[in-house]
Every structure is written in structure tokens, then in C-alpha cells.
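Colleague: Pasting a structure here, questions to come.
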Amino acid sequence: MATDTMNLSRQKSDYMVRRSHEGKKHEHLDNEQLVDGCRAGDKHCQRLLFKKYRETVFFVISHTLGTNFDKDDILQQVFIKIFKSLTGFKGLSSLDTWIYRITTKVCIDQLRKKYRKRQLQVIRNPDVLENRRDTTLSNPYEEREQEELTKQIYSGLEKLSIEKRLVITMFEMEGFSLQEISKILKKPIGTIKSRLFHGRKELAGHLRNYLNTEE
Amino acid sequence: METLQNQEKLPEIQRLRTLLQSVPEETKSEHAWQALENSLFARMDEMESIRASGSRKLFRFPVMPAAVFPQRILGIAAAACLVVLIGVETFYTAYRSAPRPLADSQILGVKGNVTYKTHKSVYTGRPIQKGQQPPYLFKEQVFETAAGATCIVQIDEGSSFILSENTKLSVKKADSRSIDFFLHTGSILASVSKRQQNQTFMIHTEDAECKVIGTIFSVSVSPTSHRTNLTVVKGTVSISGKKETGSQELVQSGQTVSVNNDKVMKPQTATDEQIDIHALSLLKMAEEMRAESTVPTGLLDIASSPEGAKIFINEKFIGKTPLAVTYPSGNYTITLTHPDFTTWEDRITVKQLNSSFITASLQPKPEEKEPAAAKQVARKNPSTRKKAITPNKKDKQPKQTVQPARKDTKDFGFIMNPAFVEALMQMTIGEYQKALVILDSLKELPEISITEKIRIMSKIAACYKGMGNFEKTLRVLTRRYKEAAIDIEKANILWEIINVKANCLQDYEGAEKDILTYIEKYPNGTWIESAYAKLGEIQYITGKYAKAIGTFQYHINLFKSSDVVEKSVYTLANIMRLDIKDYAMAVKWYTKLLEEYPGSSYYGNALFERADCYEKLNRHSKAQKDYKKYLELYPEGHLKALCSSRLTLQE
């Protein structure tokens, strides 16, 4: 009966829990060990690496690309690229910088796609959506307002060149230092500063209505 | 830097920075992350398998803009591809049409004094041992049969010949394209399957050549006159004189023709004597023998206490106990008789690639007037798990005889060793620890044979399993697996190892590896279907969705319809719905289940789940239909409330 399938999913979740415990056993692994494991094709290490960097990569993607992209898909692309290219990682920069670099590269590729289709945000997990509906904030208007603002910010960001947009999101939204951005993007610090300066100016122009409201 | 610092002091820029930092970070629940992680690794597995299988995706060229990729280069590349393709095609055609050795050829039987050459040496009258690598039929090979000798040779699938006594035959050519024999003297009866267009089968004699188009016929050359005679039993053979051109006859079935003074005479009706019935039946028998070797068989291991009882299967004597034979699968009546003991009888089922262990305890014949009901003990080795033997305990009383009882117990085989029986008794009442002590001591006895040791080991494994000590079970099973000599037994032990690993130890990686070994080594094993299903389930449990989907699909295609397949279809649909979130595919699999397995126990669930998928696909009317159908079919079903609420919501 259906109990067989229920058993199967129970076994699956048990296995996943066990795996996550096993993963915790390896949590003390440093980056070097993680990289070595991933290079050897160790699935545990790959999962650990994913767990360690998933949020960071996701934030970079969502800030850089804004809405209108299937971010989950892009996140997967980033990690596939990471696992594939790890053999070429020489350790000249830190693993973090290297991962950010790959992420930004993938994001740039996405943005550069001339005939890019505006992809709809794919709802990966309807359960999450349902839960979110249940636990809606007490002030829905506030949330709606924030949503609208976010939309406008991203539309302003979209009007910038990819280079400027990247620097702005990384510096202002991700909190990277200029030196870090210079390392990740492999550009001289002067270039980064100039992009930031002009990018801010341009963006402020696009979002003028929102910047003046309070004044 | 100064400019940048100055810029930061501007209120507009400060406001911009605050605005940018106010953008909320999109978050995901742990569950969503887990789903994403699983989907990523499934995607990677899929890419891996595509790369490993060398699929055509490997040949996907990047499409470059026309400006970067001038037409000239495109033209050169296309031409190069064309040249390569033509080359490959030519090579493949040449490779396909090249004559190959007759891999299926073998000498099926030799009787009397036959001389035949093999690649390495010349044998004279050596009988063919079963299992011995038979020599191929090859060019320049010569067969010679002495008086009273016969030799049966298989040429390829469906073609064979038999040489009568006093025959000498040389093989001029023997490959997949042409077979040419030269008959010096004697007689050959050949049964030849239909030849392809480019295939020839010729028998030359000094004065004639017979061309075959798929038939049964015999050619003989008289030892005195050296005249050729051809008799066709079935089909048509063309015969032509060698020296006189244009002398050719088509000989039909039931006709005979002789060559006289290099001229082919007119065909005549063959007499019974000319059609060598004996040789024909021999040839048929040899072919049947070969065909029989492909009949599914199982292992029958019969032991009795005491040993030496005569074994009759369906009243046919097959040997004395202890005996292990491969026997065609089927249901049989097995009877064991011993002069001093009562007759033992039971029904058995021999299953393909399954081992059936029978241990019969023969009871001494009762004293006159004191007939005691003898006991029957017929057990099945637990390793086979399936009910291969079904002893009917109640109504099968051993046949009574009136001879005096035999008291001598020295002959009792090990299997009925009282200690072993005691251990079995302890096991049946759940006293595994006690059974284990006995079995451990028995195992160390110096006089026990390897077969007996394997039996004890299987019981030890069962004890550990009963005690919940699965690691030990596994260790014992692994040892048994290494020691087992027969493939069927090995296959069954491996299956048991897989079950212990997957069900008891949750060692899914190990179980997966073992299942792959099982599939590779025992593709006709008893558990092959379950093996595919289990493999899919394990791959699903371990989050290898792409692999699991592939396995399930393969399983469904391979075995078409059975309970196991039905479950696989349902599981596959669920993976698509819950894990891959490909609702269209999920609908496809649910529909398959609903249409092809209307009596399925998953029917109700599948109906509801398909409706759920339709909803996700915004096909609300279809969803409504399914919900309604569910309520109609299962008014008290466990999904009743959910269906009703969803229907109300939609309406």
C-alpha cells in the first residue's frame, strides 16, 4: 500500500538526518580539507561546501541579478562550476574570494545574455510559500511598501552597466571592502573606486524620487 | 579616495546607501535548502551519467555568432565531418561484412573412433567432456570417423551436421560468410538454417558440388566408385557436376540424385533407406540437447539421513543421496527410497536459478504390528527465502513397510546430526544464543565437509540476524558468499547480504554497490526484478534522484507489469512530484499507474496526487475531476476531507 512509499520517504528522511549528522562530524574540516575532499569527488565534502557557502552565493546572486531570474537554477550553476573548477584552484587567493569570483562570473554571464528571457521566479517549494502565508507579518502594508521599494531599487540597478552594478551591490549590499572587490573582480582598486563613484551617482539619479521623499 | 569619501558625505548618497542596505535578504527555510541541495546533486549525477554513458550530448558544439564564425570555416568543418562520416561508414560496412570465425561452432558429440584436429592438437576418439571448451570449426580442419563411429558438429545457431562411419571430411572454409566442406568419402547429413544473401554453404565432392539454401540433406561418396549421392530431406539443394558445365539440378525434399560420370542424373524419389532416419534422429537429439542447455534450471540439493537413498523425481531415478543436480524448473514429485527405511515422498518446486535444499529424515521401518508414524523433515534453506519447496506436512505420511527397523546409526549423514537438529529446534523457538553455541562447536568439527560448513554458516547468520546482530550476520554471510561454489547459491547469498545492508544496517552505499554486482553477475537471478526496484529506492533514499529515475524507468520498461513494477511507477511519480517538482512528468506517471493498474492499492492516493499536480500546473478543471472521482470511489477515504476542502476552494 501507500505505506510502502511512506516508509520509503521515512527512510529517506532518516538517511538525510544521518547524513547531516555525519556532515556535522566533518564540520571541523578547514577549507583546505574541504577542497581536497571535493577534488577527490567526495560527496560529503561537496555537500559541506555547499552548506557553507550556499547563503553567501545566494545573496550575491539575488542582489546582483535582482528579480526576474531563476536564482535557484543560477545557484546550482554556480556550484556546478565550483565543483568542476576546483581542480584548477591553486590557492593563490582565498577560497572565499575564489567562490565569489565564480559567482560574479556566472552572474555576469547571465546578465550579458543578449537574448535573455525574463525568467519567472520559480517557486521551488510550495510548502515554504504556504508557511509564509500563515506567518504573515502583522502589518501587511509595511511589507507591501518594502516590496515596492525593493522592486524600484532593482529596476534602478538594472539600468546601470554590469560592472557598476556589481561593484555597487558588492560594496553597498554585500559589505565587501574595496580591496576584496578588487581581488574578486581582478581589477585595480582605482577602477573599482571609479565604478563605485559613478555607479552611485547614476543610481541616485534613477532613484531620485525615493531619495527626496524624506527631505 | 577623497572624491569617494566626499561623495559619501552627500545626503543623497547617504540616503541611497541606507536604501540599498534596506533591501531585505531573501531567505530560505532549511527544508528549501535541502531540496535545492538534493536537486543540485541529482543534476550533477545526471551530468556525470551522461558523460559516463558517452551520450551524444558530448558532441554538442557551441553555436557561435555568424560574424565570429565565418561561413568558409563552417564549410570546411562540414566537409571534414562528411569525410569522417563516410570513412566511419565505410569502415563499419567493411567491418560488418568481414567474415568472422564461427563462434557458436562446437563438437556436440563423438562416438567411437573419430579423429579431429583442433587448433592445438589432434584428438582421436576422445569423448567431449561437459564444460570442456569445444574447438571451433575452422579452415583446414579434418574429421575422420572409423567404422561404427559418429560425430555431431554444430556449425552455427540452427545448423549442424552428423558424419556417419568411415567418413572423411575436410573443412575448406568456415566463417560467418561461407562454409565449404570437401567430402572425400562417406556420408554427411546436414541440417542448415536459412542462409543470408551473402552467406554460402557448399559441400564439394570430387565430382560435384552441392549448394544449400537452408535445408536438411545428406551427401555421400561411395568408397569404391567415389560417386556422389545427394538426398534432400527438407528444402532445396542445388547440385552441379564439377567437370561438365551446365550439368545442374535442383533437388527438392524427398528426392535423391546421383552423379554419374561427372553428370548429374535426374532427381528421383528417395527411398526410406536413403533418408538415414537414424542419423536424422541423432542430429535432432543433439540439437535438442543443445537447446536443453538453455532451459532454465535450478539447483536441487538432496540430502537424507541415512545417506544412500535412491532419489526418484517423477518416478525417474536420478541418483542416490547426497546429490546436488541442476534440474529444469518445474513442479515434481520427489521420492526417496531405502531398503531399510520407509519411503519418503514430497512435492517440490524447482525455480530458475534458485537452490532447493531438501533434507529428508528417513524413519526406520516399523516393527510389525507397531507402525509408528514417521516424521518428515523437509526444510528449505533460509538463504533462498522464497518458498521453493512446499512440503505438505499434514497429509503426507511416509509409506509404511513391514521390514524390521535398522538400529545402526553410523550411516546417518551430518545433516541429521542430533546436535544440528537441536540447534535448529532452538532457532525455531527463538533461542538463537543457544543455537549459536551448538552451531559454533559444530563448525569446528574436523570431519565436516565444505558443503556442510556452508550450511552451518547459513544457520549461524540466521541466528545473528534473529539476535539483531546484523554486523555479525553480514560477516558470516560474506564468508559464506566467498566459500560458495555454485552461482545460484552465490546469487542468493548476495541478495541476502543486500537485504541485511539495506534493511537492517541502512548501509545504502554498500547495498547499492552489491545490487550493481548482483545485476551484473546474475542477470537471470531470482531476485533480479526486485534488485532493480531496490536499487531505485536506495538511489532515491540517498538523494540520487537522476539515477533513481533512470533505474525506475529501466525497471518499468524491462519488466512491463508486475506488483514490483506497479510500485516503481508510483514511486517514480512521487519523486517527480515531491522532489523534482516536474509536475507534468508526475502526471504522466500517475496516469500510467491509473490506466494500467486499475486494481492497484495505490489507486486512491495516485488519483489525489495527480489532482494535486494538475493544480500546480493550473489545470484546475482536471484537478477537480480527479478530486470528484476520488470522493466518488472512496467516500470514506483518508483523503476525503482534503479533497472536499480543495474542491470547495476551487468552486
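Colleague: Mind checking B:32-45 for the average number of partner chain beta-carbons within 10 Å of each residue's beta-carbon?
Modeller: On the way: counts 8, 7, 5, 5, 11, 8, 3, 4, 13, 7, 1, 5, 7, 1.
Whole-number average of other-chain Cβ neighbours for B:32-45 is 6.
Colleague: In addition: Once Rh for the stretch B:3-50 is found with the Kirkwood sum over Cα pairs, what is the Stokes-Einstein diffusion coefficient at 20 °C and 1.002 mPa s, in µm²/s?
Modeller: 148
Colleague: Still on this structure: Neighbour counts of other C-beta atoms within 10 Å: give me B:T648, B:T321 arranged from fewest to most.
Modeller: B:T648, B:T321
Colleague: To make sure I understand, if each residue's beta carbon is the centre and we count other beta carbons within 10 Å, what order do A:D30, B:D156, B:D514 fall in, fewest to most?
Modeller: With the sparsest Cβ surroundings first, the list reads A:D30, B:D156, B:D514.
Colleague: When B:F559, B:F312 are ordered from fewest to most other Cβ atoms inside 10 Å of their Cβ, what list results?
Modeller: B:F559, B:F312
Colleague: Hey, got the average number of other protein chain Cβ atoms within 10 angstrom for residues in B:503-510?
Modeller: 1
Colleague: Additional query: Just checking the output field for A:68-80: average partner chain Cβ neighbours within 10 Å of each residue's Cβ? Working shown, then result.
Modeller: Values: counts 0, 0, 0, 3, 6, 4, 0, 3, 8, 2, 1, 6, 4.
Across the residues of A:68-80, the mean count of other-chain Cβ atoms within 10 Å is 3.
Colleague: Another one. If the chain between B:L649 and B:K628 were fully stretched, how many nm would it gain, using 0.36 nm times the residue separation less the Cα-Cα distance?
Modeller: 6.2 nm
Colleague: Quick one: which of B:603-609, B:81-87, B:302-308, B:22-28 comes out on top by average Cβ neighbours within 10 Å, and what's the full order, highest first?
Modeller: B:603-609, B:302-308, B:22-28, B:81-87
Colleague: OK, next. Per-residue HN-Hα couplings for the stretch B:162-176, Karplus 6.51 cos²θ - 1.76 cosθ + 1.60 at θ = phi - 60°, whole Hz, x for Gly and Pro?
Modeller: 10, 9, 7, 5, 6, 10, 10, 10, 10, 9, 8, 9, 8, 9, 5
Colleague: Given the alpha-carbon gyration tensor of the stretch B:148-234, what are the semi-axes of its equivalent ellipsoid in whole angstrom, ordered largest first, with each equal to the square root of 5 times an eigenvalue?
Modeller: 20, 14, 12
Colleague: Once amide H atoms are built 1.01 Å from N in the peptide plane, which residues 5 or more positions from B:F201, or in another chain, come under 5 Å H to H?
Modeller: Here the answer is B:I179, B:V212, since their amide H atoms fall under 5 Å of that of B:F201.
Colleague: Output needed: percent of Cα pairs per 10 Å distance bin for the stretch B:420-484, bins running from 0 to the one holding the longest distance.
Modeller: Whole-percent P(r) values from 0 Å outward: 24, 56, 20, 0.
Read-outs: derived from the displayed coordinates by stated rules, not from any lab. Here the structure is a predicted model, which means the values were calculated and not measured. In this analysis, Cβ positions are derived from the backbone assuming ideal geometry, glycine residues included, and neighbour counts consider all displayed protein chains.
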